[in-house]
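For reference, the structure is listed below as structure tokens.
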Amino acid sequence: MTADSKTLNAHAIRADFPIFEQLIHGKPLAYLDSANSSQKPRQVIDAMTTFYETSYANVHRAVHVLGERATAGLEGAREKVRAFINAPEAREVVFVRNATEGLNLIAYAWGGANLGPGDAVVVTELEHHSNFVPWQYIAQRNGASFLMLEIDDNGDPDLSQLDAIARDHTVKVVATNLVSNSLGTIHDLGPLVRWAHEQGAIFVCDAAQAAPHMPLDVQALDCDFLAISGHKMCGPSGIGAVWGRARLLEAMEPFLLGGHMINSVRYDKTTWGELPHKFEAGTSPIVEAYGLGVAVDYLSAVGLDAIEAHEHELVAYALGRLGEVPGLKLYGPPADRRAGVVSFNVEGIHPHDVAQILDMQGVAIRAGHHCCQPLMHKLGLAATNRASFYLYTVREEIDQLVEGLHTVQKVFA
Ligand code: C6P
């Protein structure tokens with residue numbers, strides 16, 4: 001498989017993922033919960049084990065050979081993430097635990113210092129709580145307004161509200177996701193980014209669901225900050241990254257304080273280290289970052305274009321097959337406008353019951369509000385079922401889901 005391939009062979013890719021070598025409740029595993037967290041290829045698992053066995057030590061503070069190897073592993077991963085998102089400089093890539101921590105870093109360190117009365121933060125009704133609650137909290141704490149763009153009948157943020165917002169507020173932050181985790185919508189962020197910059201605002205992109213599934217380019221997006229999570233893109237848990245423009249990061253105060261992030265510490269004054277260290281207090285998630293770098297290599301070798309095309313194809317197939325299930329309601333846009341996410345409800349059956357009976361048949365989906373309570377509120381729902389796909393997902397798993405849903409309906413008949 002090369003990065004030039006337009007298609008991928010999901011059955012062949014699947015063989016890289018040891019998790020599929022088992023039966024769940026005596027059935028083949030249909031893992032349709034990748035938007036929650038992805039499975040890991042042997043390449044990542046083995047590379048991390050080898051790193052622990054041959055190269056592990058703390059980073060940036062040891063002169064011995066293991067310290068040098070570990071530091072090279074961590075910094076090599078930073079460069080891989082830089083290239084993956086086409087960031088100008090590796091020092092603009094800050095390692096964090098996950099997208100949530102990354103978005104908190106931006107909200108606290110940038111928002112905390114730059115928001116005040118008369119200012120506004122604009123998010124959308126489609127945000128995950130991780131790109132909603134930190135902004136709501138910081139805006140309210142600083143006396144700024146927190147505004148939410150409602151969605152229109154197509155499920156897209158309604159941009160007709162922008163003029164009124166610009167008239168009444170000084171907009172300082174616009175923060176949205178690129179791919180919705182609940183509906184799978186791939187947003188055309190261009191108009192909103194341009195509007196944000198016309199207002200003199202920064203644009204914060206939550207790319208937690210985009211990074212695993214499509215090519216990312218922070219320069220083409222023209223965003224100012226972007227956050228990703230490693231565990232959703234074949235990497236380990238406990239590692240994510242924030243990218244920010246160097247001039248913004250340099251002007252910001254740190255988020256967490258302590259070891260490693262300083263330049264000098266005296267009784268009366270402490271000065272901060274250079275980027276990215278200013279934002280990486282304490283011992284880094286060393287092997288996790290290294291593993292994320294290997295995951296980036298893995299995804300790049302398959303090709304993000306190929307992954308995106310594979311997911312569009314799976315979503316189209318899933319929407320067709322799920323349409324055959326009586327009493328099933330689907331949410332979200334057409335297949336060509338969404339990543340590998342299908343949200344649905346089965347008439348008269350609580351999503352948690354659906355998910356539990358599917359689990360007995362080896363089918364793993366997520367049921368709940370998906371950390372998107374404002375969106376659920378708009379849709380008038382407490383929860384949905386959500387099946388989500390990735391590069392290792394095959395049509396047979398979707399067939400298993402559909403069969404499972406027929407069983408769910410029989411159980412509840
Ligand atoms: N969404 C889902 O099942 P963390 O938990 O920090 O790695 O990612 C947070 C996050 C931020 N933004 C979006 C768009 C997300 O989808 C998520 C995580 C998971 O949809 C867990 S709630």
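General observations
- The GNM of the chain, with springs linking C-alpha atoms under 10 angstrom apart, assigns the highest mean-square fluctuation among 45, 357, 349 to 349.
- Spacing of the two label points (7 Å from each Cα toward its C-beta) at residue 23 and residue 247, in nm: 6.3 nm
- A simple count of charges around residue 134, restricted to other residues whose Cβ falls under 12 Å of its Cβ and scoring Lys, Arg +1 and Asp, Glu -1, yields -2.
- Equivalent ellipsoid dimensions for region 15-94 as semi-axes, Å, which come from the Cα gyration tensor, largest first: 32, 19, 9
- Ellipsoid equivalent to the chain - semi-axes via the Cα gyration tensor, in Å: 35, 29, 17
- Residues of region 277-301 with amide N under 19 Å of a point placed 7 Å along Cα→Cβ from residue 64: 283-284, 286-287
- To put it simply, the accessible area of region 47-300 at a 1.4 Å probe is 50 percent carbon and sulfur.
- Its Cα gyration tensor gives region 109-158 an equivalent ellipsoid; the semi-axes, largest first and in whole Å, are 22, 11, 7.
- Excluding ligands, DNA and RNA, the accessible surface per residue across the chain is 40 Å² with a 1.4 Å probe.
- Each listed q (0.16 Å⁻¹) maps to a log10 I(q)/I(0) for region 43-163 from the Debye sum over equal C-alpha point scatterers, namely -0.91.
- Take every pair of alpha-carbon atoms less than 8 Å apart whose residues are at least six positions apart; their mean separation over the length of region 47-300 yields a relative contact order of 25 percent.
- Sum of side-chain charges, residue 282 neighbourhood, beta-carbon under 14 Å (Lys, Arg +1; Asp, Glu -1): 0
- Counted charge near residue 175, where neighbours are those whose Cβ lies closer than 14 Å (Asp, Glu -1; Lys, Arg +1): -4
- Calculated FRET efficiency for the pair residue 141/residue 83, C-beta based, R₀ 45 Å, to 0.05: 0.75
- Counting only protein heavy atoms and using a 1.4 Å probe, the accessible area of residue 133 comes to about 70 Å².
- Largest first, the residues 300, 182 sort by 1.4 Å accessible area into 300, 182.
- Solvent-accessible area of residue 194 with every protein chain in place, 1.4 Å probe, in Å² to the nearest 10: 140 Å²
- In Å², nearest 10: area of residue 91 left accessible to a 1.4 Å probe: 80 Å²
- Among the chymotrypsin sites (Phe, Trp or Tyr not before Pro) found in region 200-271, those both in a DSSP coil and sparsely packed, with 13 or fewer other Cβ atoms within 10 Å of their Cβ, are 267.
- Ordered by 1.4 Å accessible area with all protein chains kept, 378, 278 run largest first as 378, 278.
- Order of exposure, largest accessible area first, which applies to 56, 290 with probe 1.4 Å: 56, 290
- For region 326-413, GluC sites (Glu not before Pro) are listed when DSSP marks them as loop and at most 14 other Cβ atoms sit within 10 Å of their Cβ; the list is 347.
The values are calculated or read from the model by the stated rules, or taken from the named source; none is laboratory data. Small disclaimer: the values here were computed from a predicted structure and weren't measured. With ideal geometry, Cβ positions are generated from the backbone for all residues, glycine too; neighbour counts draw on all protein chains shown. What goes into the accessible areas is simple: the full protein's heavy atoms, side chains included, and nothing from ligands, DNA or RNA. Shrake-Rupley method; radii C 1.70, N 1.55, O 1.52, S 1.80 Å.
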